[in-house]
Amino acid sequence: MTFPPELIALLRGTVKPVALTGAGVSQESGLRTFRDAQVGLWAQYKPEDLASPEAFRRDPKLIWDWYAWRREAVKAVRPNAGHYALVEIEKLVPEFTLITQNVDGLHRMAGSNNVLELHGNIQRVRCSECYTFAETWDDDTGSVPRCKLCGGLLRPDVVWFGEALRREQLESAVEAARMCDAFFSIGTSGVVQPAASLAYAARNRGAVVVEINAEPTPLTVKANYAFQGKSGETLPELVKAVWNL
Ligand code: BV8
Ligand code: ZN
């Protein structure tokens, strides 16, 4: 794969790059993307209808089981070359910030440290009342496990639609996007807010915006460079081309 020489030159000079990833970066690990995740007994539900506090209030067991099913799916996969290429960038450029919408934890598993998990992490469980985190919980009680402190229902530590993102995480992400000199948007359809506005914040501050996605998104026409392809193939190639690895 060849990349425009001026882009290579630009990225060789980058000191504060940022990458925002979505479900597409985990697709080559065998995890379905958010939009294509609904298969089998979950096919009848739209993900954003399940990932909401209203849905949990309406039927906590249904939502608990959906996340238990997704936790098992994550346990069965491993990071792919796209995740590892982002680990390489962190080693090469100390001020690199990785922002992810993914709750699968695969970036950390790959070895990325400076990761902002904007929408939480599916492996973490906490009380829906007193916010206490549960290290262990009994999954086969036939009902939703309860908090040992206050008896509240346990829930996944993810941000549901209609819920605010954690303030410090969002502020760090917005700051990183505003201060960056290069912004990579990787494997995301760019529709969920506020994450989808970060690329525009970077572009408005003069950063070069590079999109790597399997299909066009609303950002494609606004990006300085847009590569339509698989992140697990394109990212390692780009890292090799820029940093002669
Ligand atoms: C909030 C965790 C308010 C849970 C998630 C402004 C305008 C319109 C709507 C809103 C707005 N502001 C807020 C909203 C509402 C809403 C929103 O954005 N709705 C959308 C649907 C329009 N936002 C919210 O509700 C946010 N909260 O606003 O709170 C508030 C404020 C203060 C006080 C109180 C309340 C919360 C948003 C977070 C929701 N939680 N996840 C869980 O996972 O179960 S969002 C979830 O969906 C993911 O985290 C991710 O963000 C999103 C899925 O998107 P992607 O990751 O991009 O995945 P997708 O499948 O869509 O696309 C994959 C792409 O990859 C595709 O393009 C595909 O082509 C590509 N691809 C596939 N394979 C590959 C590939 N690319 C490269 N390589 C491959 N191999
Ligand atoms: Zn509690």
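Every number in this text was worked out from the coordinates using simple rules, so none of it is lab data. Fair warning: this is a prediction, and the values are worked out from it, not measured in the lab. Counting neighbours? That spans all protein chains shown, and the Cβs are built from the backbone with ideal geometry, glycine included.
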task: Please give the helix 231-243 orientation as an angle from the longest Cα principal axis of the chain, in degrees from 0 to 90, rounded to the nearest 10.
output: 40
message: On C-alpha positions alone, give me the angle between the axis of helix 81-92 and the longest principal axis of the chain, in degrees, nearest 10.
response: 60
query: So, in nm, how far is label residue 54 from label residue 32 when the simple model puts each one 7 Å beyond its Cα toward the Cβ?
result: 2.3
- prompt: Of all DSSP beta bridges located in the chain, what percent are antiparallel, nearest 5?
  reply: 30
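Can you tell me the relative contact order of segment 126-245? Whole percent, Cα pairs under 8 Å, sequence separation 6 or more. Don't jump to the answer; show the numbers that get you there.
Values: 145 pairs, mean separation 19.0, N = 120.
So the answer I get is 16 percent.
Taking K and R as +1 and D and E as -1, what net charge do the other residues with C-beta under 11 Å from the C-beta of residue 207 add up to?
On the way: positive: 16, 178, 203, 205; negative: 181.
The answer is +3.
Explain nothing, just the number: relative contact order of the chain, from Cα pairs under 8 Å at least 6 residues apart, as a whole percent. Write down the numbers at each step before the final one.
Numbers: 418 pairs, mean separation 58.8, N = 245.
Relative contact order for the chain comes out at 24 percent.
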field: Spin-label pair residue 193/residue 75, simplified geometry with 7 Å Cα→Cβ offset, distance in nm
entry: 3.8
statement: For the chain, the longest principal axis of the Cα atoms and the Cα long axis of helix 167-179 enclose an angle in degrees, to the nearest 10, of 10
Modelled label reach - residue 65, point 7 Å along Cα→Cβ, segment 126-143 residues with backbone N closer than 18 Å: 138-143
statement: Summing -39500 (n - 2.57) over every DSSP H run of at least 4 in the chain, dividing by its residue total and rounding to the nearest 500, the 222 nm mean residue ellipticity is -10000 deg cm²/dmol
field: Value of relative contact order over segment 40-128, rounded to a whole percent, pairs C-alpha under 8 Å and six or more apart
entry: 22
task: Apply 1/(1 + (r/R0)^6) to the Cβ-Cβ distance of residue 6 and residue 143, taking R0 = 41 Å, and write down the FRET efficiency to the nearest 0.05.
output: 0.10
